[in-house]
Amino acid sequence: MQKEIYLAGGCFWGMEDLIGALDGVLSTQVGYANGSTPNPAYQEVCTGATGHAETVRVTYDPERISLAVLLDWFFRAIDPFALNRQGPDRGTQYRSGIYYTDPADEAAIRTAAAGLERAHGRPVATEILPLSCFYPAEEYHQQYLKKNPGGYCHIPQALLREARRREPAVPDAYRRPPEEELRSGLSSLAYAVTQQGATEPPFSHPEWNRFEPGIYVDAATGEPLFTSQDKIFSACGWPSFSRPIVPGVIKEREDTSHGMRRTEVRSRGGDSHLGHVFPDGDPEAGGLRYCINGAALRFIPKARIEKEGYGDYFNIIE
């Protein structure tokens, strides 16, 4: 089953690039919505006289991404309280709007907007209306930023990188190897940590304070787990991260060993012991701190990411 929603959030080049990167979005098309002139040209829309808004038609699979999640990304990318402007762009053609074709979607859209109003104590300026018309924009506008890397985009690059984070295409490829392969392929410390739940001494592994751009993979299976983007300095003496590379690659389990109650974290594919997660991280980064044994990880510098077969992650690393 496929569904559609139409999102207007300022210049449609950046909005299409952001929304199109989300897992579960099947296709996007930029165009002009809810105006009064049939088949307007870009130059006409730019005058503001046609009443159209630069809009992205989004076709998505609701079993893979919900409308609520799409709207969360949309509202994160815009200023929902700004009237007839987004970023440096001004005019009614740059107004924010959500246009629906399924009347059942209206309640979810208004709920999302009401939540913003409660949180900020301000009225949302984003218009919420049924779609009255949509005219595809000229071909050179379609997938503009893919055709013109580095082109104008009013959406923060950090948000675009975050949207490109996806689940590995073949997570089954990261299953735990046979015992003999683990013993021969891992150092004695890495084996003790990942397979026997050991903990390396603090400040003993060089990864604890490495901040070079790259990704961190499970030492036992090669499954991508963390990125340098999310690494945080911690005086604890172990590598620490604010979150995993994508949701789902980390498993959690209650740990009551050593007279403590903690949350152990393990890799999804290989079930390797990694470390623990604590609720004392930066609130602005989600509030968590993943405290990981360096011996459980293998670092891959950005310069080697594609060569080692992790090209899908290249663009999310600064």
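Each value in this text was obtained by applying a stated rule to the coordinates, not by laboratory testing. Every value quoted in this text rests on a predicted model; they were computed, and no experiment measured them. We place every Cβ from the backbone using ideal geometry, glycine too, and count neighbours over all the protein chains shown.
Compared with the alpha-carbon gap, the fully stretched path from Ala285 to Thr47 is longer by 81.6 nm at 0.36 nm per residue. Its Cα gyration tensor gives the stretch 3-163 an equivalent ellipsoid; the semi-axes, largest first and in whole Å, are 21, 18, 16.
Just checking the listed ones, Asp72, Asp271, Asp255: in the Gaussian network model of the chain with Cα springs under 10 Å, the one fluctuating most is Asp255. The structure shown yields semi-axes √(5λ) of the Cα gyration tensor in Å, and of the options [x] 44, 20, 17; [y] 31, 23, 19; [z] 50, 27, 19 that calculated value carries the label [x]. When the chain is treated as a Gaussian network with alpha carbon springs shorter than 10 Å, the biggest mean-square fluctuation among Gly248, Gly294, Gly222 belongs to Gly248. The spacing between the stretch 266-318 and the stretch 1-76, judged by their C-alpha centroids, is 33 Å. For the stretch 171-316, the Cβ-based charge dipole about the Cα centre amounts to some 80 debye (Lys, Arg positive; Asp, Glu negative; other atoms uncharged). Structure note, pairs Lys231/Lys251; Lys251/Lys307; Lys146/Lys302; Lys147/Lys307; Lys231/Lys302: Cα-Cα distances above 26 angstrom occur for Lys251/Lys307.
Each principal axis of the Cα cloud of the stretch 171-316 was evaluated for its coordinate range; sorted largest first, these ranges are 42, 38, 28 Å. With springs only between Cα atoms under 10 Å, which of Gln196, Gln43, Gln142 fluctuates most in a Gaussian network model of the chain? Among Gln196, Gln43, Gln142, the largest mean-square fluctuation in the Gaussian network model of the chain belongs to Gln43.
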